[in-house]
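See structure below.
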Amino acid sequence: MITRKPWHLISSAFIFLFLLSLTTFAQGQREQAQHIVTGKVTDESGIPLEYATISFQSTRNPDKLTGGITDPQGNFEIEVPQGIYNINIEFISFQPRNFPDRQINSDLNMGTIVLGMAAGELDEVVVTAETTQVEVRLDKKIYNIGKDLTTAGGTVADALNNVPSVSVDIEGGISLRGNENVRILINGKPSAMAGFGNTDVLSQLPADAIERVEVITSPSARYDAEGTAGILNIILKKEKTLGFNGSVSARAGHPDQVGLSANVNLRTDKFNIFNTTGFRYFDAPGNAFSDTRYLEYTNEAGELVDPTSERLIEDRSIDRLNRNFYTSLGVEYYITDMSSVTATGFYRYGEDEDLTTNRSSEYMEDGLLETLRKENEIEDDNSYQFALNYINKFNKSGHQLTADIQYERDEETQIGNINEVVVSNNTNKDPFYPREQTFTEESQNEFLIQADYVRPIGENAQFEAGYRGNFEEEVTDYQLLLENESTGKLETNPLSNIFTYTENVNSLYSQYGNKFGDFSFLLGLRLENTQLKGKIDSDLTEEELQEEFKIPIDTDFDNNYLGLFPTVNLIYELGEQENITLGYNRRINRPRGWFINPFPSRASRTNIFQGNPNLLPAYSDAFDLGYLRRWKKLTLTSSVYYQYETDSFERVEQISTAQDNTQVIRTIPINLATNTRIGAEAGVLYNPAKWLRLNGSVNFYQFDTEGDYNGVDYSAKNTSWYGRFSSKVTLPAKIDWQTNAFYRGASEGAQTETQGLFMLDMALSKELFDEKASLTLNVRDLLNSRKRDSYTVTERFIRDSEFQWRQRSITLSFTYRFNQKRNEREKKRGQENGNEEMDGEGEF
């Protein structure tokens, strides 16, 4: 934090000296004597630090304080009364320098004062590279997003896909160490910017808005217990240097996409204003294919029954046209040197239009029936969020109190029109496929209140306690209209309903950490009370709903869960560049609204997903053992982990026969007993030469699921892995070339085997205008190979399928940076020192 000039204290000090001189003339003469203190402040590379703060605190009278700041050349010249002072030099993100008990009885030249980059908190270890900075702490790893060329002009989801331990599947689903139950936070809190749990929004926000990503595989008690895989905390940029600065980016590409975004910041001694605004228009075509072969089965009477259809082939093409606007504005006001209040607002508007064309071929005993189904969906989305944060620092040692209030609202409107026609028919059937029209209005309100208190105890110990209340209500109004065969008119279907889902979570936590020599620990306990309520307003009775959906239905449920969630995090320093960490945590996976809502969403007439209102929360216990070692040009991070989960969620597929004898496959989430997961991961940063940087990671895991549902055993054991590799080469003429490769191995679930997936990204970047701007060309999924191939076997059918969410894309982006002095210093540091930080000379 930049220390501002407390002019009222300086004035009081001079008045006090003047009055004192009237009674003690000789002593007063000594106190009134003024001397000039000069010097220069630079970073480790000799780059001047403008706006560095120099303060002088009298040892005789601590309230007596004076000081100043450095000029653009890093120089300072300050007039100081004669006396003995504690001199402190500070600059944001740098380690302060202290000169205690310095006597000033004549003019003093302090020479050049060098500040090193801050090592951060007591328990962290920092490893720095140009593309990524890795900070290892007791309860998390932090990846600072740097010059990752392959995400230039990309989105937050693209950036996450390049973070070790994290993978983003072809549908935009985010997983951590192969586990999809990961909690997404923005700036440490649930946020509308993360889409209220729907990660589609992360595919709309720009990657250059991210400052860092915190991968929290062993969360401490300060974080909510949601997410059995762990937490991804996305920290957005907020410039810390004084003055007006920022960047503007423009991009265009194929498939059709254009975008414009800006990050701007204005900071003075008393306030900081920061804003991110952007517009994006893009087309994201995809496709899907499935081949389902139906089998003979035994009915409840024990009779062998032939299926009504022998085979169904579906070929889908998906055209997505997306337009969205977003803006985030924040104002931080510094009440005093030790306290501030921050108000932020966020707004996002999205307008999407999707056209799904499904050509199906159904083979029956008496011939072939071919149909063409078109589903046009228009969606409007309005999200906004307001937050207020207050922080009061009681001293500079970390003793502080923070309080947060946040309100969010999301409104979505969907209109769908479905029309299916017969293309050819040489069977004896004359099927009627009614036109469908759906109207869905979804609104969500979420209110959060939070307070955290941190109290250092001595030099190495720290106590922390806090409260968080999260109150959420989601209302889904769904109306289905079907064509009447006799009249040709659209009529309201009984499946129309209003589903109200409420989730209230109140939590208290406390934790204590300490350090003894090379050993540090952090122990915590969190108490959470969860209330999950659901109400279905429908014309159908519970018995009729149960008959329709083939599962028990409670149209008005209210479930309460009280749980204790202990956390333990340990770290032992084997040396200055080597440590071992051990973590334990207990977590919860709460069923979200769309997992509970039993009313189906349809990918096609024969493939349906529906929620299960009988889902219970899943609980997990996880252990994580990590090891970090740093050599001159090589850094290794690694860990092994184990997780045991009860009442784990599993999606199962069941087949039923509709009224028109069509065989419908329903996908339903269930609580499937237990899931045991064990794995190991390793990451390497290697800089063999100044012009070459290599980065790779691999994650190997195995999970064992045990359980049955409706008399069917869904137990499965699966071993899989994924790895990523990145290389960055600096070419002549200030051109950078980066290649990213990602491979996910084959996996096996209770019913489905999924083949391996390979993806290759490539980018070229050129610095322009004295490195104030950059032009980047990148290609994502260069080989157009990001496709999911799967094979499903059940008692009633066998299915082969292929799905591609987004095809290969090419993007050209231009970024211009203005008044970003700190970024320029970091670039100069890299140019002058090469890989000095990676060579072991940087700060730990």
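The values are calculated or read from the model by the stated rules, or taken from the named source; none is laboratory data. Everything numeric here is computed off the predicted structure, so don't read it as measured data. Methodologically, a virtual Cβ is constructed for each residue, glycine included, from the backbone with ideal geometry; neighbour enumeration extends over all protein chains shown.
What the table below lists for this structure:
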| quantity | calculated |
| --- | --- |
| Strands (runs of 3 or more DSSP E) (entirely within the range 647-717) containing at least 1 residues that are among the aromatic types (Phe, Trp, Tyr) | 649-657, 674-689, 692-706 |
| Enumeration of residues in the range 783-807 that are surrounded by 17 or more Cβ atoms within 10 Å (Cβ to Cβ) and either under 21 Å from Arg724 (Cα atoms) or among the aliphatic types (A, V, I, L, M) (or both) | Arg786, Lys787, Arg788, Gln804, Trp805, Arg806, Gln807 |
| Test: residue in the range 295-305 that is at pLDDT below 80, under 23 Å from the mean Cα position of the chain (by Cα) and either in a strand (DSSP E or B) or not aromatic (Phe, Trp, Tyr) (or both) | no |
| Candidates Val423, Val454 - the one that is within 30 Å of Phe519 (Cα to Cα), among the β-branched types (Val, Ile, Thr) and out of contact with any Cys (no Cβ under 9 Å at 6 or more places or on another chain) | Val454 |
| Of all residues making up the range 246-265, the number that are under 19 Å from Glu332 (Cβ atoms) and either in contact with a Phe, Trp or Tyr (Cβ under 6 Å, 6 or more places away or on another chain) or assigned to a loop (DSSP other than H, G, I, E, B) (or both) | 1 |
| Candidate set: the range 242-257, residues that are under 28 Å from Phe94 (Cα atoms) and surrounded by fewer than 22 Cβ atoms within 10 Å (Cβ to Cβ); chosen: the one modelled with the lowest pLDDT | Leu242 |
| Selection count, the range 69-117, where residues are closer than 19 Å to Ala33 by Cα, touching a Phe, Trp or Tyr at 6+ places or on another chain (Cβ under 7 Å) and in contact (Cβ under 8 Å) with a residue 24 or more places away in the chain | 4 |
| Every pair of residues 6+ apart whose Cβ atoms lie under 9 Å, when the first sits in the range 732-758 and is at pLDDT below 90 and among the aliphatic types (A, V, I, L, M) while the second is assigned to a loop (DSSP other than H, G, I, E, B) and surrounded by 15 or more Cβ atoms within 10 Å (Cβ to Cβ) | Ala750/Leu672; Ala750/Gly707; Ala750/Tyr714 |
| Any hit, the range 774-781, residues being more than 27 Å from Gly173 (Cβ to Cβ) and at pLDDT below 85 | no |
| Residues satisfying the stated conditions in the range 689-727, i.e. surrounded by 15 or more Cβ atoms within 10 Å (Cβ to Cβ) and of a type in the set (Gly, Ala, Ser) | Gly696, Ser697, Gly707, Ala716, Ser720, Gly723, Ser726, Ser727 |
| Selection status of Val41, buried (at least 19 other Cβ atoms within 10 Å of the Cβ), under 37 Å from the mean Cα position of the chain (by Cα) and either at pLDDT 80 or above or part of a helix (DSSP H, G or I) (or both) | yes |
| Output for the range 770-806, where each listed residue is acidic (Asp, Glu) and over 12 Å from Gly286 (Cα atoms) | Asp770, Glu771, Asp781, Asp789, Glu795, Asp800 |
| Members of the range 258-294 found to be under 27 Å from the mean Cα position of the chain (by Cα), of a type in the set (Ser, Thr, Tyr) and surrounded by 21 or more Cβ atoms within 10 Å (Cβ to Cβ), listed by number | Ser261, Thr276 |
| Number of the exception - Ser727 against (1) in a strand (DSSP E or B); (2) farther than 30 Å from Ser247 by Cβ | (2) |
| Some residue of the range 489-496 being part of a strand (DSSP E or B) and free of Cβ contacts under 8 Å to residues at least 12 places away in the same chain | yes |
| Checking Gly227 against (1) at positive phi; (2) surrounded by fewer than 22 Cβ atoms within 10 Å (Cβ to Cβ); (3) not assigned by TED's automatic domain parsing to the domain that holds Phe565, the condition it does not meet | (2) |
| Filtered residues of the range 754-771 (kept if aromatic (Phe, Trp, Tyr) and in a loop (DSSP other than H, G, I, E, B)) | Phe769 |
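To keep it simple, each residue is scored yes or no on (1) on the phi > 0 side of the Ramachandran plot; (2) assigned to a strand (DSSP E or B); (3) in contact with an Asp or Glu (Cβ under 6 Å, 6 or more places away or on another chain).
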| position | (1), (2), (3) |
| --- | --- |
| Asn376 | no, yes, no |
| Tyr407 | no, yes, no |
| Gly416 | no, yes, yes |
| Val421 | no, yes, no |
| Lys429 | no, no, no |
